[in-house]
Amino acid sequence: MRVLVTGGMGYIGSHTVVSLIQNGYDVVIVDDLSNSKISVLERLKTITGKTVDFVQINLLDKEALSKVFAHYSFDFVIHFAAFKAVGESQEKPFEYYQNNLGSLLNVLDCMRDAGVFKIVFSSSACVYGTPDFCPIPETAPIRPQNVYGRTKSICENILSDLTAADKRFSVALLRYFNPIGAHPSGLIGEAPNGIPNNLMPYITQVAAGVREKLTVFGNDYPTEDGTGVRDYIHVCDLADGHVAVLNKLNSEQGLFIYNLGCGRGYSVLELIQTFEKVNDIKLNYVIGPRRSGDAATCYSDPSKANRELNWYARRDIEDMCRDSWRWECYARKTDL
């Protein structure tokens with residue numbers, strides 16, 4: 001069976017491509033390389049032993065996308081491609097709505113024209129906003145607090161409405177928590193442009209001497225050590241979740257919503273201290289004031305995915321820290 005992976009050269013997309021190939025799927029990647037590099041393609045071949053078909057287009061170019069659907073016969077689509085920086089989304093709301101909604105609508109229109117009706121959508125725990133309680137189930141209120149989260153919520157609504165109206169569609173909405181880590185080969189990982197928005201790449205860049213220090217935003221939260229608590233999940237576990245849900249879509253019609261997370265929280269200091277321990281590195285970090293809008297604690301209830309998909313987050317925080325540093329060392333050595 002063949003899968004179209006939009007945004008497949010990016011961080012989560014590239015790891016999912018590896019998992020798909022290792023589970024016997026044929027893969028075609030569509031990506032505009034706006035937040036990824038062409039060198040990922042050769043590294044995917046090194047890891048999997050397979051040459052992956054790649055088409056460089058922007059999904060807002062519907063004519064170009066239609067040609068991809070005309071050239072290949074797809075059984076599934078996994079849609080990752082989107083702008084994803086929370087802070088930037090607040091500064092460029094028009095661009096985020098135009099890109100994230102427009103790309104999904106073009107993908108769905110091309111799918112209908114081509115007779116492809118199974119899609120996995122890359123959503124986010126951002127749709128929950130600040131939770132009333134933890135762990136967060138899929139039934140928790142949807143109230144995103146930034147533009148990025150709102151684009152994900154609107155896309156979820158589009159897919160929900162479409163599935164209700166057109167019974168041919170089978171749709172999975174996967175709400176990610178905090179993916180970190182990298183492939184254990186060290187060949188692919190998170191490579192943000194500019195200053196990292198996420199904690200782990202900032203940690204690895206401080207460890208590598210690229211950044212002078214890490215600022216921990218607040219140590220006066222009502223948590224065990226006073227720092228914020230989040231649900232970190234290894235990106236390879238996250239990738240495996242996409243493969244697991246394809247079996248669901250292949251056997252059942254409807255709309256399926258799953259949290260993909262570990263189901264427990266790790267504090268910022270716990271993550272830092274684990275990174276230092278497993279990699280034998282001392283990090284330069286300081287405590288700063290809280291950031292506006294940050295929740296004290298946020299972690300998932302993944303029991304629905306455990307139960308219905310037989311999917312579990314199997315890698316622990318030490319694996320996440322070890323693999324992240326291995327990737328950072330490779331990235332610096334190869335000037336990625």
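Overview of values
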quantity: Residues of segment 84-100 satisfying the condition of being surrounded by 15 or more Cβ atoms within 10 Å (Cβ to Cβ), at pLDDT below 95 and not basic (Lys, Arg); calculated: Ala85, Val86, Glu88, Ser89
quantity: Selection within segment 54-81 - acidic (Asp, Glu) and either surrounded by fewer than 16 Cβ atoms within 10 Å (Cβ to Cβ) or modelled with pLDDT under 95 (or both); calculated: Asp61, Glu63
quantity: Top-ranked residue of segment 5-27 - restricted to ones that are in contact with a Gly (Cβ under 8 Å, 6 or more places away or on another chain) and of a type outside the set (Ser, Thr, Tyr), ranked as nearest to Phe83 (Cα to Cα); calculated: Gly7
quantity: Flag if Ile203 is surrounded by 22 or more Cβ atoms within 10 Å (Cβ to Cβ) and not hydroxyl-bearing (Ser, Thr, Tyr); calculated: yes
quantity: Hey, Val243 more than 21 Å from Val206 (Cα to Cα) and among the aliphatic types (A, V, I, L, M) or not; calculated: yes
quantity: Among the candidates Ile21, Ile38, Ile29, Ile47, residue that is buried (at least 23 other Cβ atoms within 10 Å of the Cβ) and at pLDDT 95 or above; calculated: Ile29
quantity: Test: residue in segment 167-177 that is closer than 30 Å to Asp113 by Cα and either among the small types (Gly, Ala, Ser) or part of a helix (DSSP H, G or I) (or both); calculated: yes
quantity: Residue tally, condition part of a loop (DSSP other than H, G, I, E, B) and either more than 28 Å from Ala331 (Cβ to Cβ) or within 20 Å of the chain's Cα centre (by Cα) (or both), over segment 204-253; calculated: 12
quantity: One residue from Lys152, Lys118 being closer than 24 Å to Gly87 by Cβ, at pLDDT 95 or above and in contact with a strand residue (DSSP E or B) (Cβ under 6 Å, 6 or more places away or on another chain); calculated: Lys152
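The values are calculated or read from the model by the stated rules, or taken from the named source; none is laboratory data. It should be emphasised that the depicted structure is a prediction, and the values quoted were computed from it without experimental measurement. For neighbour counting, all protein chains shown are included, and Cβ atoms are generated from backbone atoms with ideal geometry for every residue, glycine included.
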